[in-house]
1. Tell me which of these residue 290 doesn't satisfy, since it passes every other one: (1) surrounded by fewer than 20 Cβ atoms within 10 Å (Cβ to Cβ); (2) more than 22 Å from residue 137 (Cα to Cα).
2. Select, from 270, 323, the only residue that is buried (at least 23 other Cβ atoms within 10 Å of the Cβ), touching a helix residue (DSSP H, G or I) at 6+ places or on another chain (Cβ under 7 Å) and within 14 Å of residue 111 (Cα to Cα).
3. Before we move on, is residue 332 in a helix (DSSP H, G or I), in contact with a helix residue (DSSP H, G or I) (Cβ under 7 Å, 6 or more places away or on another chain) and either free of Cβ contacts under 8 Å to residues at least 24 places away in the same chain or surrounded by 16 or more Cβ atoms within 10 Å (Cβ to Cβ) (or both)?
4. Please find, within segment 25-52, the residue that is surrounded by the fewest Cβ atoms within 10 Å (Cβ to Cβ) out of those that are under 19 Å from residue 337 (Cβ atoms) and in contact (Cβ under 8 Å) with a residue 40 or more places away in the chain.
5. Spot the failing condition for residue 78; the list is (1) more than 20 Å from residue 331 (Cβ to Cβ); (2) modelled with pLDDT of 95 or more, and only one is missed.
6. Could you tell me how many of the residues in segment 348-383 are in contact with a helix residue (DSSP H, G or I) (Cβ under 7 Å, 6 or more places away or on another chain) and in a helix (DSSP H, G or I)?
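The values are calculated or read from the model by the stated rules, or taken from the named source; none is laboratory data. All values reported here derive from a predicted model rather than from experimental measurement. Cβ atoms come from the backbone with ideal geometry, glycine included; neighbour counts cover every protein chain shown.
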């Protein structure tokens, strides 16, 4: 059997630190692959005016599977200021390359598991009856619609005539009629029935396959009546075909309160793009934070796997890397599951679980230390040492 080729996209900052650690673990578990480097991120925006070069898209088109580290994104004005002077005033506009990947390949299904590791000092705890301390086991999988909603990129500042005039036909726009057009900034929230059906069905299929008892639609249909209303309506229709899985629905604001009251109650959660982003970070905070937060971006033909943390550029400058590589390694496990290497994925997750439960090797975040260069002197494991410990448990 020929080796797979994996497109490796370290990106910016700590992405360049954690991605090689994940590949070390993949090699150790016996996953045989060729890794081809692909350019993505801030460097290529500054030098080329494009953080997602066509050559990277071509590699993913050819090989179908990507491992991604992290990218730096900055607001519009800051991005323009850092562009190479030779490229300024030539119409280049910064756009997040990971959002670009999702849009280009229609990676519309985003899966973000948030699961407790026993012994993790960062696990959520709460006060129980009689002043007891409870540590509920969290096992939530967020399904986030990945290509539409508020992140679809359909927005304007100082909207052109045809957009402005069309918007002013809506009765709710009357309250903005007195605002100068150049002072208007408008972002749209677009849902399509096809994409909504696909993400909701994927959530129900996952719940059925892995024994989750419920799918919760987390939106805001009482206020955002059209888009959130569509997702809730579609979910009710699809739920009829899954009698073994209960359908719940919550509003995003209330859900953010309830996730710290009874997080063990929830199983699979499905949301639109922004609310899925929010709720997945909220649940990730209950199981150790972004150092444990992995994700998959899956389309019909192409899939990209990434940790959900950012590029944290200051940490990339430290002589000894201190960041937690577990989120990246767990993302690699999701890749293994996707391509049918489930036994290898299970071995890696088991090795991580043993390291966490034993508690002998902990990165600075697990020790609740500020992310400063001297954490190694305070007993924190480096990035490499954490990976070494996982490799040792794989033997």
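1. (2)
2. Within the list 270, 323, the selection yields 270.
3. Answer is yes for this residue.
4. Applying the filter and picking the extreme gives 30.
5. (2)
6. Matching residues across segment 348-383 total 7.
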